[in-house]
Amino acid sequence: MSSGRVLAAVVAVAAALPAPPAIAGAPARWAPAASGFYGNVYTAFQANTPLRRPFDDDKKVFPFYQYLDVHGYDPAHGLSSSAFVRAREVANGDDVTLDVYNANLEYRGLGDAGDALQVRAGRQVLAEGTNFLLMDGAYVRAKPLRGLDVVAYGGYQDADLQPYPEKPERSFGVFGATLRSTQFLGALATVGYHGLTPQDSAPRHFVDLGFKRAVPYTDFADVYSRVELDVGEAVPAFANVGVGLSLARPLYLNLEYDSYEPDPDQDRFLQDRIFDVFALDRLQEARIGITYKATRWLDVSSSYSFATYDKQNDHATHGHIAKLGFNWNFWRRLGLRAFNGVYLIDGGGDDRAVGVNCGVSEEILRGLEIHGIFAFANFDSITGKHGNAYSYIIGTQYLVVRNVSLLAEMEYNTNPDFEVDVRGNFGLTYTFSWS
């Protein structure tokens, strides 16, 4: 595994606070009442970005990014469309990319609530298996009976057409079906089949089983479990069991256990973006997460993970990840917001990292916001290097008119790869609607 991919995983942890409890519900899908198109166009420019070249001198590049996020709706006919596209060009280089993350057309209708049938075709994120996949194909979801969902899907993932860094190692077809019911013991039960046809390789078949329900005679706990069986190997490719508790209304606790083997045919970083980097074989991981809503202006989140895995062939080891985060909302009338967090990664042996990150933002004038971010990490061979890394960002965002905003940031970084890294980040966002 390259040090760059490992370092990216460490940086991801530095930027993320512990996740909210799993028992929280997902928000309802929003759709406008009128037909039309809605979205935004975001143009970004990054000045003086360092680029490390293994067989040449380092150089500074000036990449431009153009994002387009647009959604179309026709409520009268139950139709909608979605597209998210990113174009990237390096001004002083020959690196040009066009990435399409989704582009699809969807129909929802039938039934008393207008949601008995959902059909979506085009490029889309498939979330029916253990891993999310970017699929070019079709997805159908039907509700033939109350409390019963039937899902079927099929498509293809072409390695040459996938956006970086999600690009897979090889192309493969994907297809399957899922049955969900809430009529079994008062629980949400799931049974599914998931098939893969990798290029130049034998097909693979998986059976998914899932279960989630409230603990009987309680109103503060739920249990959930999911198993993915690899039919060809006759062993669970992935197993998860957990419990979510609302101990006291502002205090939430999650306990989980996972057992799985990182799978290059689907996604090498299967579940845990740190331990998956090190694991060569089956990984066992236990996690505990706590969220405490202390006051209206302070949320405290913490988590701890313990894992055992094979770091080298026939050489088992273990690791730890601990995180603690605070999300503040000081002086609500002023709108000052802040966050800060610390984390510790122990990957076994000499693989260790510790870090802290914090930030603050404030609207100082109507439509004018300033923000600052600081991050520090000390790592010992976890990225193939030793040393300290610092990052400072200060910037401002200004709402010029109702649908146009400007972003300007200065960023200073120093780490073992780049002793001095000073860059500027600039952006222009235009939000539009037409109906």
Worksheet item: Within the stretch 159-172, how many residues turn out to be part of a helix (DSSP H, G or I) and either of a type in the set (A, V, I, L, M) or at pLDDT 85 or above (or both)?
Response: 2
Worksheet, complete the sentence: Among the residues of the stretch 268-319, the number that are modelled with pLDDT of 80 or more and of a type in the set (Asp, Glu) is 2
Worksheet item: From Val119, Val85, which residue is closer than 28 Å to Tyr193 by Cβ and among the hydrophobic types (A, V, I, L, M, F, W, C)?
Response: Val119
Worksheet entry | Asn102 without any contact (Cβ under 8 Å) to a residue 40 or more places away in the chain and within 23 Å of Leu196 (Cβ to Cβ) | yes
Worksheet item: Within the group Tyr101, Tyr156, Tyr139, which residue is in a strand (DSSP E or B), buried (at least 16 other Cβ atoms within 10 Å of the Cβ) and at pLDDT 90 or above?
Response: Tyr139
Worksheet entry | Which numbered condition Arg29 misses (of (1) farther than 30 Å from Asp299 by Cβ; (2) at pLDDT below 85; (3) of a type in the set (Lys, Arg)) | (1)
Fill in: Filtered residues of the stretch 147-197 (kept if under 23 Å from Glu233 (Cβ atoms) and touching a Lys or Arg at 6+ places or on another chain (Cβ under 6 Å))
Thr190, Leu196
Worksheet item: Within the stretch 375-400, how many residues turn out to be within 21 Å of Val342 (Cβ to Cβ) and part of a strand (DSSP E or B)?
Response: 15
Worksheet entry | Unmet requirement for Pro198, which otherwise passes all of (1) surrounded by fewer than 16 Cβ atoms within 10 Å (Cβ to Cβ); (2) in contact with a Phe, Trp or Tyr (Cβ under 9 Å, 6 or more places away or on another chain) | (1)
Item to complete: Scan the stretch 239-253 and give yes if some residue there is in a loop (DSSP other than H, G, I, E, B) and at pLDDT below 85, otherwise no.
Response: yes
Discussion item. I'd like to verify a number: residues in the stretch 119-136 that are modelled with pLDDT of 90 or more and either touching an Asp or Glu at 6+ places or on another chain (Cβ under 7 Å) or surrounded by fewer than 20 Cβ atoms within 10 Å (Cβ to Cβ) (or both), how many?
Written reply: 6
Fill in: Filter result for Gly78 (surrounded by 16 or more Cβ atoms within 10 Å (Cβ to Cβ) and in contact with a Lys or Arg (Cβ under 7 Å, 6 or more places away or on another chain))
yes
Discussion item. Any residue at all in the stretch 354-364 that's exposed (fewer than 15 other Cβ atoms within 10 Å of the Cβ) and in a strand (DSSP E or B)?
Written reply: yes
Worksheet item: Which of the residues that make up the stretch 401-430 are among the β-branched types (Val, Ile, Thr) and either in a loop (DSSP other than H, G, I, E, B) or without any contact (Cβ under 8 Å) to a residue 12 or more places away in the chain (or both)?
Response: Val401, Val420
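The values are calculated or read from the model by the stated rules, or taken from the named source; none is laboratory data. Owing to the predicted nature of the structure, the values given are computational and were not obtained by experimental measurement. Note: ideal-geometry Cβ built from the backbone for every residue, glycine included; neighbour counts use all protein chains shown.
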